[in-house]
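Only one structure is covered here, and it is reproduced in the block below.
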Amino acid sequence: MARFDSRVAIVTGGGSGIGAEIARELAEEGASVVVTDINLDAAQAVVDEITAAGGKAAAFAQNTAKWEDSEAAVTFARSTFGALHLAVNNAGIGAAPQTIGDYDIDAWDRVRAVDLDGVFYGLKFQLPAIVEAGGGSIVNMASVLGSVGIAQNAAYVASKHALVGLTKVAALEYTAQGVRTNAVGPGFIDTPLVRSSLSQEALTALEGEHAAQRLGTDREVAALTLFLLSDAASFISGSYHLVDGGYSAH
């Protein structure tokens, strides 16, 4: 029996990267997955992959910075698949590097709106729905930058630190009602965007900042996320788990 048979999941930001990999692997292990993304075409492409492989999935357009979209995503999951048991609040954005004194206020608001407010909105509607379904689990996608800082990324670092605290509050309030909530902190992940935005020299330097001497992969983040969502992690709630190749061990 697959780990997530008869379970219904929402994965935000599921149209690419880590979110897409998590959605695919949840479906492979039996879950019915609502793949949400601000880009509906990207979400639908992932759904098409899942259904072509014999899985169950549906796409939903969601701007996580709008609370109404989070409510609508939960309603969609329940109306399409009958309930909600699992959620991965993965959608996130960054901003151009800027020192705090020069930081663009609109950029600060945009990053916070998705990376922190968007997760709060998700939890607000996911948690009661999962309680009603008899319990389940949530993973909030933080970052290694939820535990350490990096210059010129104030909005992202502050939002991810706050996200870890929000995760702890959710666990304190809802674990006894059957919903475990944890956070995952990826290090720097090897994606086409990272490779296209860095010179080879800069990429080599970034790899060297990890004890593993390389960047991580989407599959490595998905492996930890699925474990935390599964019943094998039944006594884990309110915690923050790094998958960073030793980046934060310095």
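Quick notes on this structure:
- Hits in segment 44-73 - residues which are assigned to a loop (DSSP other than H, G, I, E, B), more than 14 Å from residue 14 (Cβ to Cβ) and of a type outside the set (A, V, I, L, M, F, W, C): 54, 66
- Test: residue in segment 202-218 that is under 28 Å from residue 113 (Cβ atoms), buried (at least 16 other Cβ atoms within 10 Å of the Cβ) and of a type in the set (Asp, Glu): yes
- Listed by first and then second residue, the pairs linking a residue in segment 55-73 that is closer than 29 Å to residue 2 by Cβ to a residue that is among the aromatic types (Phe, Trp, Tyr), with Cβ atoms under 6 Å apart and 6 or more places separating them unless they lie on different chains, are 60/76; 70/121; 70/125; 73/60.
- Residue match in segment 219-229 (condition: among the polar types (S, T, N, Q), within 14 Å of the chain's Cα centre (by Cα) and under 30 Å from residue 134 (Cβ atoms)): yes
- Residue in segment 182-197 that is among the polar types (S, T, N, Q), out of contact with any Pro (no Cβ under 8 Å at 6 or more places or on another chain), modelled with pLDDT under 95 and buried (at least 16 other Cβ atoms within 10 Å of the Cβ) present: yes
- Assessment of segment 162-170 against the conditions (surrounded by 15 or more Cβ atoms within 10 Å (Cβ to Cβ), polar (S, T, N, Q) and farther than 22 Å from residue 229 by Cβ) yields no matching residue.
- Index of the failed condition, residue 13 passing every other in (1) in a loop (DSSP other than H, G, I, E, B); (2) more than 28 Å from residue 194 (Cβ to Cβ): (2)
- Residue 235 satisfies every condition listed in (1) over 30 Å from residue 2 (Cβ atoms); (2) part of a loop (DSSP other than H, G, I, E, B); (3) aromatic (Phe, Trp, Tyr) except (1).
The values are calculated or read from the model by the stated rules, or taken from the named source; none is laboratory data. All values reported here derive from a predicted model rather than from experimental measurement. Note that each Cβ is placed from the backbone with ideal geometry, even for glycine, and that neighbours are counted across all protein chains shown.
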